[in-house]
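In what follows, a structure is listed as structure tokens, so that the remarks can point back to it.
Coordinate-derived values only; no laboratory data. Since we're looking at a predicted model, the values are computed, not measured. Quick reminder, even Gly has a Cβ in these numbers, built from the backbone with ideal geometry, and neighbours come from all protein chains shown.
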Amino acid sequence: MFRPRRLLAVITAALALGSAAACGTAAEQPAAPDAGGRVVNHAKGQTTVVGTPQRVVVLDTGELDAALALGVKPVGTVLPDANQDLQPYLAEKAGDIEVVGTIGSPNLEKIAALKPDLILSSKVRDDANYEALSKIAPTVFAETVGKPWKENFLLDAKALGKEAEAQRILADYQQRAAEIGRQLGDPAATEVSALRFLSGEYRLYGTGSYLGTILADVGLGRPGNQRFDGTHTKISREQLSQADGDLLFYSAYGDRTREQMNDVVGSVQWSTLEAVRSGRAIEVNDDTWFLGLGPLAANLVLDDLQKYLSQR
């Protein structure tokens, strides 16, 4: 038989071991919902987010757009590239926000110094950085960007604890897009071409792009060579006629590309396009039409469409 003192020592040791085991389990398992945590399933697995994140870092324009649309001002973000500032429509809403690198090349030390409680990005941008980022803070990744921007928005909203608000924002957007289409009577009869100038490149955007989803939500038609389920296809200057349509919307990525675009737009070749001859070739804002990737930008694109389609 155990003596009283020896029995007390055994019980105390057992309780201590049980407590330690419980602590280890809690660290390894997602927090239970009743403990204030929510498990977010995403492209890299599961992440538990506890409470309402207050110090959010976003690593792409789509995530910044999404957070701001939900009333969240992140503490850190990235630039499109080293030669490009934050898009004005986002910078105005973001206010004093720390820049922590460029898309696909975040500065991990700067991110850690911000002491974030949530990091948002995607596999296509930051797959190689996921393990390092997840050691800094709970990290949620979408699979890719562009076409699935609505699904990405809802994913970000779940991580931020704002799902209901995101559903409302998307419903309002869908209703507005459909109404713009109804005002045209038969929106599919208008074939819209989308051309983007980049350094040394000319891109036509397909139905599988961010912009392609917005045009589809309005119900607009697309030229035959842009009815592909992909983001874009490249054409040469000699193939510029492939950019024609009932309406031609075009833009330049960054100031360095604008000179290149102006050279093309001022050429005889450009003047032969039917959209140009009929006054239906319109320069648009690259920041919203191609870089935005979120609901704020999508509604700004709808503003442009409503304006220019009513003038057709």
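All other residues with a Cβ under 12 Å from the Cβ of Tyr253 taken together, and with Lys, Arg as +1 and Asp, Glu as -1, what is their net charge?
Charge balance near Tyr253 sits at -1.
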Of Ala132, Gln183, Leu86, farthest towards positive along the dipole that unit charges on Lys, Arg, Asp, Glu beta carbons give the chain | Ala132
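Starting from the eigenvalues of the Cα gyration tensor, five times each then square-rooted, give me the equivalent ellipsoid semi-axes of segment 209-264, largest first, whole Å.
On the way: eigenvalues 96, 39, 24 Å².
The answer is 22, 14, 11 Å, longest axis first.
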Here the FRET efficiency for Gln46 versus Gln174, based on Cβ atoms and R0 = 30 Å and rounded to 0.05, is 0.55
So who's got an amide H within less than 5 Å of the one on Thr102, skipping anything under 5 residues away but keeping other chains? H placed 1.01 Å off N, in plane.
-> Leu79, Asn107
Calculated from DSSP H runs of 4 or more alone, at -39500 (n - 2.57) each and per residue, what is the 222 nm mean residue ellipticity of the chain, nearest 500?
-> -13000 deg cm²/dmol
When all C-alpha to C-alpha distances in the chain are sorted into bins of 20 Å, what percent of pairs does each bin hold, rounded to whole numbers?
-> 29, 47, 16, 5, 2, 0
How many percent of the alpha carbon pairs in segment 181-309 exceed a separation of 20 Å?
-> 39 percent
For q = 0.13, 0.18 Å⁻¹, Debye-computed log10 I/I(0) when each Cα of segment 102-212 counts as one equal scatterer = -0.72, -1.05
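Using DSSP H assignments, which helices in the chain have an axial alpha-carbon span of 27 Å or above and a mean Kyte-Doolittle hydropathy of 0.5 or higher? Don't skip to the end; give the middle numbers.
Values: long enough: 4-28 (36 Å, 1.02); 163-183 (30 Å, -1.02).
Passing helices, by number: 4-28.
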Can you give the charge dipole size of segment 140-195 about its Cα centre, rounded to the nearest 20 debye, using +1 on the beta carbon of Lys and Arg and -1 on the beta carbon of Asp and Glu?
-> 100 debye
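If the convex hull of the alpha-carbon atoms of segment 37-161 is projected onto planes in all directions, what is the mean projected area in square nanometres?
On the way: hull surface 26.8 nm².
If you wrap the Cα atoms of segment 37-161 in a convex hull and average its projections, you get 6.7 nm².
Using the crude model of +1 on Lys and Arg Cβ and -1 on Asp and Glu Cβ, and no other charge, please compute the dipole size for segment 97-193 relative to its Cα centre, in debye to 20.
Details: 12 positive and 15 negative charges, 26 e Å.
Approximately 120 debye in magnitude.
Can you check what the Kirkwood hydrodynamic radius comes to for segment 239-312, Cα pairs only, in Å to one decimal? Please report the intermediate quantities before stating the final value.
Working: mean 1/r = 0.0755 Å⁻¹.
One decimal place: 13.3 Å for the Kirkwood radius.
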